[in-house]
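Enquirer: Got a structure for you, questions after.
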Amino acid sequence: MDSFVKFTNQSQGRDRLFRATQYACMLLSYVLENKAGREKVVMKLKRVEANMSSGRKLFRLGNMVHAIEASKASIQLSDPFLCYCLTAANLNRVLYFTCDTVLWVRSVDLVSNINKEKWRHRASQCYFYSLLLHLARDVYVIVNCMEEEKKGKQKVAHCENGPTLNSSHTLLKSLDNFLVILYLSLKNHPPVLLDTLKNVCDLFSPLDRLGFYKTNPGFIGICGLVSSIVGIMTVANPQLRLKH
């Protein structure tokens with residue numbers, strides 16, 4: 001119970017719960033949409049989904065400041081590739097949260113002469129670019145993990161068989177297999193695995209909105225729900241969160 005209270009006291013924790021509920025309702029409404037006699041249930045699910053979306057926009061009003069601070073921190077990274085990717089990703093998040101704030105202002109009718117579709121398109125573009133940059137960071141980290149894993153396995157094989165034994169050649173050749181090294185790297189580094197899974201799942205939503213890869217609400221709901229569960233896991237257990 002203490003862990004749950006601590007989790008829900010965090011703004012990110014509440015956002016992840018709202019997000020999981022939002023996409024679960026999207027998925028369920030899609031599944032039940034063509035079922036006879038389920039019209040009222042579908043209507044209620046869509047209403048809950050809309051309320052969760054509005055609530056999340058309210059929670060995200062201060063996230064622009066966090067994204068700016070994250071940009072300042074990432075620009076100090078010593079690794080040039082990580083510095084560029086994370087700084088550019090965080091700047092796109094700043095623009096995304098700006099568009100999100102404009103959409104929230106429009107949704108509560110504080111300003112009525114705002115083109116929702118135009119600002120929604122801009123938000124999707126910024127979100128899409130941010131996800132691509134985060135995925136580039138994930139690939140970079142995975143490649144580095146694979147290199148470390150490969151070197152470690154080669155050292156073990158060298159110590160066991162000796163540098164002059166011909167039998168080591170077969171072992172090293174098998175260990176050099178890309179899929180084996182990739183599997184071991186992801187298995188031994190859960191944070192990068194979870195972050196990659198989350199970003200890949202999140203990518204389908206802006207792809208659909210921007211018209212690059214049209215899917216359906218059911219598929220978007222599944223991807224969003226998986227991403228939200230991963231997000232809940234990383235908030236509940238910070239050790240599963242990718243640091244840079």
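The values are calculated or read from the model by the stated rules, or taken from the named source; none is laboratory data. Computed from a predicted structure; not experimentally measured. When we count neighbours, we look across all protein chains shown, and the Cβ atoms used for this are built from the backbone with ideal geometry, even at glycine. These accessible areas exclude ligands, DNA and RNA; they are computed on the full protein's heavy atoms, side chains included. Shrake-Rupley method; radii C 1.70, N 1.55, O 1.52, S 1.80 Å.
Enquirer: If ligands, DNA and RNA are left out, what is the accessible area of THR101 with a 1.4 Å probe, given in Å² to the nearest 10?
Expert: The accessible area of THR101 comes to roughly 40 Å².
Enquirer: How much accessible area per residue does the chain have, counting only protein heavy atoms and a probe of 1.4 Å, in square angstrom?
Expert: Roughly 60 Å² per residue, with all protein chains present.
Enquirer: Normalising by the residue count of the chain, find the relative contact order in percent from Cα pairs under 8 Å and 6+ residues apart.
Expert: 25 percent
Enquirer: Ok, one more. Using a 7 Å offset from the Cα along the Cα-to-Cβ direction at both LYS35 and VAL65, what is the distance between the two label points in nm, to one decimal?
Expert: Output for this residue pair reads 4.4 nm.
Enquirer: When the Cα atoms of region 7-147 are enclosed in a convex hull and the volume is divided per residue, what value in Å³ results?
Expert: 159 Å³
Enquirer: About its Cα centre, what dipole magnitude does the chain give when the only charges are +1 on Lys and Arg Cβ and -1 on Asp and Glu Cβ, stated in debye to the nearest 20?
Expert: Its charge dipole is roughly 740 debye.
Enquirer: Sort out the exposed loop trypsin sites (Lys or Arg not before Pro) in the chain (DSSP loop, at most 11 other Cβ within 10 Å) and tell me the longest stretch that has none. Mind showing how you got there, number by number?
Expert: On the way: sites that count: LYS35, LYS214, LYS243.
Longest site-free region, per DSSP loop and neighbour criteria: 36-213.
Enquirer: How far is the Cα center of region 30-105 from the Cα center of region 196-242, in Å?
Expert: 11 Å
Enquirer: Whenever you get a sec, compute what percent of the accessible area on region 1-141 sits on carbon and sulfur atoms (1.4 Å probe). Walk me through the intermediate numbers first.
Expert: Working: 5090 of 8470 Å².
Looking at region 1-141 in its full context, I get 60 percent from C and S.
Enquirer: Turning to a different aspect of this structure: Need the list of lysines near LYS150 for cross-linking: C-alpha distance under 20 angstrom, and skip anything on the same chain fewer than eight residues off.
Expert: LYS173, LYS187
Enquirer: To the nearest 500 deg cm²/dmol, what mean residue ellipticity at 222 nm is calculated for the chain from DSSP H runs of n ≥ 4 alone, each contributing -39,500 (n - 2.57), summed and divided by the residues?
Expert: -27500 deg cm²/dmol
Enquirer: Cα to Cα, under 20 Å, and not fewer than 8 places away if on the same chain: which aspartates and glutamates meet these conditions relative to LYS44?
Expert: Excluding near neighbours in sequence, the set is GLU33.
Enquirer: Moving on. Ranked by accessible surface with a 1.4 Å probe, highest first, in what order do HIS189, HIS244 come? Working shown, then result.
Expert: Values: HIS189 55, HIS244 105 Å².
Heavy-atom accessible area, descending, gives HIS244, HIS189.
Enquirer: On average, how much area does the Cα convex hull of the chain cover when viewed from any direction, in nm²?
Expert: 18.4 nm²
Enquirer: How large is ³J(HN,Hα) for each residue in region 123-135, as worked out from phi by the Karplus curve 6.51 cos²θ - 1.76 cosθ + 1.60 (θ = phi - 60°), to whole Hz, x for Gly and Pro?
Expert: In residue order, the calculated couplings are 4, 5, 5, 5, 5, 5, 5, 5, 5, 4, 5, 5, 5 Hz.
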